[in-house]
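Below is one structure, written out as structure tokens; the observations come after it.
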Amino acid sequence: MTDSELVRKCLEGRTDSFRELMDKYRDPAMAVAVNILANREDAEDACQEAFMKAYRHLNTFDAGRSYKNWFYALLSNHCLDLVRKKTRFKGFLARFRHEEPGVCLAAARAPLPGEGLDFRYLRPLAPKERTALYLWAQEGYSSGEIAAVLGCRPNTAAVHLHRARTKLRTLLKETNDAKP
Amino acid sequence: MRNHKPDVEERGDELATLEDARRATIAADRLKDVRDFWPGFAAAVRRERGDGPDKTGARPEWRWILGTAGLLALVGIVILVPMLYRGEPIPVAPVERALPFRVDSVTIEEKPAQAFVFHTQDPDITYVWVERQL
């Protein structure tokens with residue numbers, strides 16, 4: 001059964017059809033969220049909320065388009081929103097601590113044993129750069145498709161990707177981890 | 001030029017390659033034991049529809065009945081109690097001298113703990129609260 005058919009059944013009131021969509025996109029959604037948020041726990045919460053959001057807004061889905069891209073756009077927006085909120089909160093806290101707000105661009109650090117996923121090359125990138133890099137590297141998306149997910153122009157998406165690749169190359173050089 | 005750059009093949013070693021990017025990002029198959037989002041989703045949908053127990057365990061129709069009954073009871077207490085005791089002081093049981101009661105020492109898990117003794121107006125009831133010393 002296609003995604004559009006499953007969506008149609010959901011809209012007819014068959015909530016179970018949404019489970020099929022959820023099962024199909026659970027792992028890819030987690031991968032998108034983990035790469036944007038660079039934190040597994042936050043990514044799980046974000047996915048839970050994004051699935052709920054998707055279900056509530058299924059009536060806005062255009063059956064002629066890709067459900068995957070529609071869901072990715074919704075999920076990445078949600079994740080980017082979380083990052084913005086977190087950054088604002090950090091800035092608020094920094095006022096009291098007399099620290100500089102903003103994302104820490106500290107040197108890449110290898111994960112400690114048992115830490116699990118390796119975020120050392122993702123964290124120094126901006127959230128939109130991470131999104132573009134992930135979609136390009138793991139999903140094979142073009143600049144146009146990345147733009148559709150990020151809700152921007154293809155040229156802007158290409159700039160995000162370019163910056164991500166430049167920063168990544170620099171990081172890899174610094175850690176002597178680049179493949180020649 | 002910058003917009004065009006990512007699409008150009010010959011760009012030296014300035015940009016990370018696809019292989020580099022794949023190693024730096026986290027693929028879906030590297031995520032183990034991803035949480036099943038269905039139970040949380042299904043519970044939220046049930047709550048939104050109002051066809052299941054909420055956090056208090058009460059069904060929607062019972063929530064209204066319990067809420068109304070609680071409100072009526074509160075109104076009754078607020079109106080009736082002053083009427084019943086109008087002009088008459090609310091009788092207070094005389095405090096009887098509690099029987100001498102003392103806690104000499106108390107331990108929790110073989111460590112000295114602190115004891116507090118509360119004598120109530122009822123001479124037959126004395127509360128003893130024991131807590132770990134911080």
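The values are calculated or read from the model by the stated rules, or taken from the named source; none is laboratory data. In this text the structure is predicted, and so the values were computed from the model without any measurement. For neighbour counting, all protein chains shown are included, and Cβ atoms are generated from backbone atoms with ideal geometry for every residue, glycine included.
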Failed item in (1) within 22 Å of the chain's Cα centre (by Cα); (2) more than 12 Å from chain B (Cβ to nearest Cβ); (3) not in a loop (DSSP other than H, G, I, E, B), with A:Ala50 passing the rest: (2)
Selected residue (criterion: modelled with the lowest pLDDT) from residues of segment A:104-130 that are within 27 Å of A:Gly151 (Cβ to Cβ) and touching a Pro at 6+ places or on another chain (Cβ under 8 Å): A:Leu105
Residue satisfying condition, being in a helix (DSSP H, G or I) and under 25 Å from A:Ala132 (Cβ atoms), within set A:Arg26, A:Arg8, A:Arg95, A:Arg65: A:Arg26
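This table checks each residue for (1) modelled with pLDDT of 80 or more; (2) basic (Lys, Arg); (3) not assigned by TED's automatic domain parsing to the domain that holds B:Arg49.
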| site | (1), (2), (3) |
| --- | --- |
| B:Leu66 | yes, no, no |
| B:Leu72 | yes, no, no |
| B:Val75 | yes, no, no |
| B:Thr107 | yes, no, yes |
| B:His119 | no, no, yes |
Test: residue in segment B:21-36 that is loosely packed, with under 12 Cβ neighbours inside 10 Å and at pLDDT below 75: no
Evaluation of A:Thr170 against (1) under 23 Å from A:Arg40 (Cα atoms); (2) at pLDDT below 95; (3) of a type outside the set (A, V, I, L, M, F, W, C); (4) part of a helix (DSSP H, G or I) (one fails), failing number: (1)
